[in-house]
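Some notes on the structure that comes next.
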Amino acid sequence: MFSRTLKPIASVASQNGVKNISTSSQKNFKVVVAGAAGGIGQPLGLLLKQNALITRLALYDIAPVTPGVAADLSHMDTAAKVSGHKGPEQLDDAIKGADLVVIPAGVPRKPGMTRDDLFNVNASIVRDLAVCIAKNAPKAIVAIITNPVNSMVPIASEVLKKAGVYDPKRVLGVTTLDVVRAAAFIGEINGVDPQSVSIPVIGGHSGVTIIPLLSQSKPAVKLSDQGKIEALTKRIQEAGTEVVKAKAGGGSATLSMAYAGARLAGAVLRGLKGESNVVECAYIKSDLTEAAYFANPVVLGKNGVEKNLGYGNLNDYEKQLLKDAIPELLKNIKTGEDFAKK
Ligand SMILES: NC(=O)c1ccc[n+]([C@@H]2O[C@H](COP(=O)([O-])OP(=O)(O)OC[C@H]3O[C@@H](n4cnc5c(N)ncnc54)[C@H](O)[C@@H]3O)[C@@H](O)[C@H]2O)c1
Ligand SMILES: O=C(O)C[C@H](O)C(=O)O
């Protein structure tokens, strides 16, 4: 069901756009990473530099190391031309002409924190980036990694609305890591290659709002009793916290997130290029539930989100998970919208 962006380099298929030679079907896509010098930003840049659909890769960050990260990546023998942009005075240049802006800018969690604890710092970072996108690349697809994703997407959406350039098809919250984790864990349980697992994860990106639809896993999850299904669900919901604890104050998931972000970015670009049936889960403007933003599988196309595929049939346990998630999502969305309207 889901598109795969990254494969071992030897088996990379041109459809994945990760081949290090340009092809005649290549489009001139400009991709910006905002937060490019960070724990996610650097490996994300590394992966995007290998995507043959990208001809310009603009790396923006406020950190002094940013030009160095750009210089480093520019020595890779792949087609994408890399530029480094440091500080707000260089932001307009970074964003101008972008087809896709991926945002991992902002602070990560430390042990004991929730994603919502990051709101106060990260909200203004995402707001300011969205203001600049509205001005310099109003048609760009915006993919937000920064936490709390559930609130950051409403903030960016409200900013773009205020600027009169909002297109709900073009603003995505990146929930790909939840899907990647679910597939990794199911692959382990079933004793199969996780790349062969397809599993939708719906709702949002924090705690109870992360709803893996284990009943829809292909192949079916080899777990016999409900207790084990519930434990796996909990593990997927708390996987981010598992990494935060293991890093012991050194931040949260960066490498798996870069992998997931590159997969989502690759899928967006393949959609923009006109490839059909590009499907990924993403947190988008939605009218499927009471929550104004909701994640589930979507088709990505020439204008961003082409079609919302919904979430299909839920079993009783999943219906309860959805019921539990909605109040939290409503709260997170309101927090974001209130901030943006201030
Ligand atoms: N969506 C997800 O699944 C997911 C997964 C992992 C992490 N995250 C989130 O991603 C964010 C980044 O995590 P990280 O580990 O890369 O953090 P990090 O601290 O390593 O990197 C963040 C980068 O953002 C930069 N930055 C700060 N303010 C900026 C601004 N105004 N403009 C541009 N850049 C700015 C910093 O200089 C830094 O380089 C966090 O909020 C984290 O919670 C989300
Ligand atoms: O857990 C975090 O704070 C980072 C990210 O949202 C994750 O799921 O790994």
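Assorted remarks:
- Sole exception among (1) surrounded by fewer than 24 Cβ atoms within 10 Å (Cβ to Cβ); (2) at pLDDT below 50 for Gly17, by number: (1)
- Selection of segment 34-60 for residues being in contact with a strand residue (DSSP E or B) (Cβ under 8 Å, 6 or more places away or on another chain) and either farther than 16 Å from Ala98 by Cα or free of Cβ contacts under 8 Å to residues at least 24 places away in the same chain (or both) yields Ala37, Gly38, Gly41, Leu44.
- Scanning segment 125-142 for residues that are within 16 Å of ligand 2 (Cβ to nearest atom) and surrounded by fewer than 24 Cβ atoms within 10 Å (Cβ to Cβ) yields a total of 1.
- Residue in segment 301-317 that is more than 16 Å from ligand 1 (Cβ to nearest atom) and in a helix (DSSP H, G or I) present: yes
- Test: Ser286 is within 15 Å of ligand 2 (Cβ to nearest atom) and of a type in the set (S, T, N, Q): no
- Condition check for Glu188: under 22 Å from Leu118 (Cα atoms) and either away from ligand 1 (no atom under 16 Å from the Cβ) or without any contact (Cβ under 8 Å) to a residue 24 or more places away in the chain (or both): no
- Taking every residue in segment 264-287 that is at pLDDT 95 or above and pairing it with any residue that is of a type in the set (Asp, Glu), at least 6 positions away or on another chain, the pairs with Cβ-Cβ distances below 6 Å are Leu264/Glu280; Ala267/Glu280.
- Residue, nearest to Pro148 (Cα to Cα), within segment 260-296, restricted to residues that are under 13 Å from the mean Cα position of the chain (by Cα) and not aliphatic (A, V, I, L, M): Tyr283
- Subset tally (residues that are within 16 Å of ligand 2 (Cβ to nearest atom) and either closer than 22 Å to Ala156 by Cβ or among the acidic types (Asp, Glu) (or both)) for segment 60-112: 8
- Contacts under 9 angstrom Cβ, first residue in segment 99-117 being on the phi > 0 side of the Ramachandran plot, partner hydrophobic (A, V, I, L, M, F, W, C) and near ligand 2 (Cβ under 9 Å from one of its atoms), 6 or more apart: Gly106/Leu118; Gly106/Ile145; Gly112/Val244
- Residue pairs whose Cβ atoms lie under 7 Å apart, sitting 6 or more positions apart in sequence or on different chains, and linking a residue in segment 221-247 that is over 17 Å from Glu318 (Cα atoms) and at pLDDT 95 or above to a partner that is in a helix (DSSP H, G or I) and within 16 Å of ligand 2 (Cβ to nearest atom), are Ala239/Arg181.
- Meets criteria (among the charged types (D, E, K, R), more than 16 Å from ligand 2 (Cβ to nearest atom) and either surrounded by 24 or more Cβ atoms within 10 Å (Cβ to Cβ) or under 19 Å from the mean Cα position of the chain (by Cα) (or both)) for Lys161: no
- In the set Val305, Val244, only one residue is in contact with a Lys or Arg (Cβ under 6 Å, 6 or more places away or on another chain) and within 23 Å of Ala36 (Cβ to Cβ); that residue is Val244.
The values are calculated or read from the model by the stated rules, or taken from the named source; none is laboratory data. This is a predicted model, so every value here is computed, not measured. Using ideal geometry, Cβ is built from the backbone for each residue, glycine included, and neighbour counts are taken over all protein chains shown.
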